[in-house]
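This report refers to the structure that appears directly beneath it.
The values are calculated or read from the model by the stated rules, or taken from the named source; none is laboratory data. On a predicted model such as this, the values are computed, not experimentally measured, just so you know. Please note: Cβ atoms are built from the backbone with ideal geometry, for glycine as well, and neighbour counts cover all protein chains shown.
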Amino acid sequence: MGEVLSQNEIDNLLAALSSGEIDADEMNDSGDKQVKNYDFKRPTKFSKEHLRTLEIIYEHYGRLLSTSLPIYLRKNVQISVASSETVIFSEFTNALSNPVILGIVNFQPLGGTILIELAAQLGYAMIDRMLGGAGEPLEKNRDFTEIEMTIIERMMVVCMQLMREPWKNVVDLNPVMERIETNSQFAQVIAPNDMIAIVTLNMKIGDVEGFMNICLPFFTLESVMDKLNTKYWYATLQEKREEDLEDRIEALIRRVDVPIKAVLGHTRVSVNDFINLQVGDIVRLNTDIEDDLEIYVGNIKKFTALPGSSKDKYAVRVTSVIREGE
C-alpha cells in the first residue's frame with residue numbers, strides 16, 4: 001500500500017500544482033505496468049516457447065531432408081530453419097502466388113491437417129533433376145503438367161514421411177498426403193481467422209534456392225500444445241537416450257547382413273591345368289577329410305566347423321569359436 005499523506009502535505013501539493021512548480025505528468029509512477037492493446041481477432045495462442053520448440057523439431061527435420069533428398073535428386077541439398085512466426089490463416093494464403101505447390105497433409109492421429117508449401121522454382125528444379133536435367137528452374141513460371149504433378153507428389157510424400165522422426169518425442173505421427181493443390185483458393189482447410197504457426201525452411205538444391213513453409217494450425221496442435229516446450233522436449237529426449245539408445249543400436253546392428261564363407265581348402269594349379277579342367281576331374285586341396293573347415297565372417301576367421309548337410313542343402317556344424325588375438 002502506498003504512503004498516506006497528511007492534510008498539510010495534500011494542501012502543499014495542490015498549491016504547487018496550481019502554481020506550476022510541479023507537472024502532473026511527472027508525478028506518474030514509472031513502476032506502473034504499461035497497458036497493452038489486445039487484438040481479439042488475433043489471439044496469441046502460440047507462445048515464444050512453442051515457436052522455439054517447433055524450430056527445434058524442424059531443425060531436425062531439415063537435417064533429415066538434407067540427407068534423404070540427394071538420394072532422389074543426385075544433387076547436394078542444404079536446408080536450414082529461416083524463421084518462425086504466428087499469423088492468421090488468411091494472411092498466409094493471401095501471400096501465396098500462383099502456381100503454388102501446396103501439400104495438404106492429414107496429421108494423424110492429431111485431429112486436423114497441416115500444409116507444406118514448396119516454392120515453385122524448387123519444384124521446377126526437382127522435376128528437371130528427376131527427368132535427367134541439370135536441375136535448373138524455369139525462366140517464367142507456368143502451370144504444372146500432369147506428369148510433373150506426379151513427380152512433385154512423389155517428392156512431397158517423401159518429405160511428408162520424414163516428419164515422423166522429428167515429432168516422435170511429442171506424438172507418434174502417421175501423416176497421410178490428402179492432395180496437392182497448385183491454387184491457394186482450393187486449400188481453405190481452416191477458417192480464415194484461425195491462428196497458425198509458420199516455420200520457414202531455407203532450401204538450396206544445387207544453385208537453386210527457395211523456401212519451404214510448414215503451416216501448423218493451432219486447431220491441429222491443440223491437443224499436444226502442453227508438450228511443445230523445451231523442458232518437456234529435453235526431458236523426454238534424455239529419458240529415451242538413457243533407456244532406448246543401447247537397445248536401438250543393438251537392434252540396428254543385429255539387422256546388418258554380413259557375408260559368411262566356409263573354406264574347404266586351398267591349392268595352386270597352373271593356368272594350363274585350369275583351362276583344361278573337365279567334369280569329373282579331381283582337384284587336390286591342402287586339407288584332409290577329417291580336418292575342420294575355416295569359417296570367415298567378412299575377411300576375418302571366426303569359427304571352425306565340420307561339413308555336412310541339412311534338408312538336402314550343404315551345411316556346416318561349428319566346432320569352435322576363434323577369439324580375437326588367437
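Scanning the range 209-229 for residues that are in a strand (DSSP E or B) and surrounded by fewer than 19 Cβ atoms within 10 Å (Cβ to Cβ) gives E209, G210, F211. Restricted to strands (runs of 3 or more DSSP E) entirely inside the range 47-153, those with at least 3 residues that are out of contact with any helix residue (DSSP H, G or I) (no Cβ under 9 Å at 6 or more places or on another chain) and under 17 Å from T200 (Cβ atoms) are 77-88.
Of all residues in the range 287-297, those satisfying the criterion of being surrounded by 10 or more Cβ atoms within 10 Å (Cβ to Cβ) and in a loop (DSSP other than H, G, I, E, B) are T287, D291, D292.
Take the residues in the range 165-175 that are over 13 Å from I116 (Cβ atoms) and either surrounded by 15 or more Cβ atoms within 10 Å (Cβ to Cβ) or among the aliphatic types (A, V, I, L, M) (or both); name whichever of them is modelled with the lowest pLDDT. Among those that are over 13 Å from I116 (Cβ atoms) and either surrounded by 15 or more Cβ atoms within 10 Å (Cβ to Cβ) or among the aliphatic types (A, V, I, L, M) (or both), it is N169.
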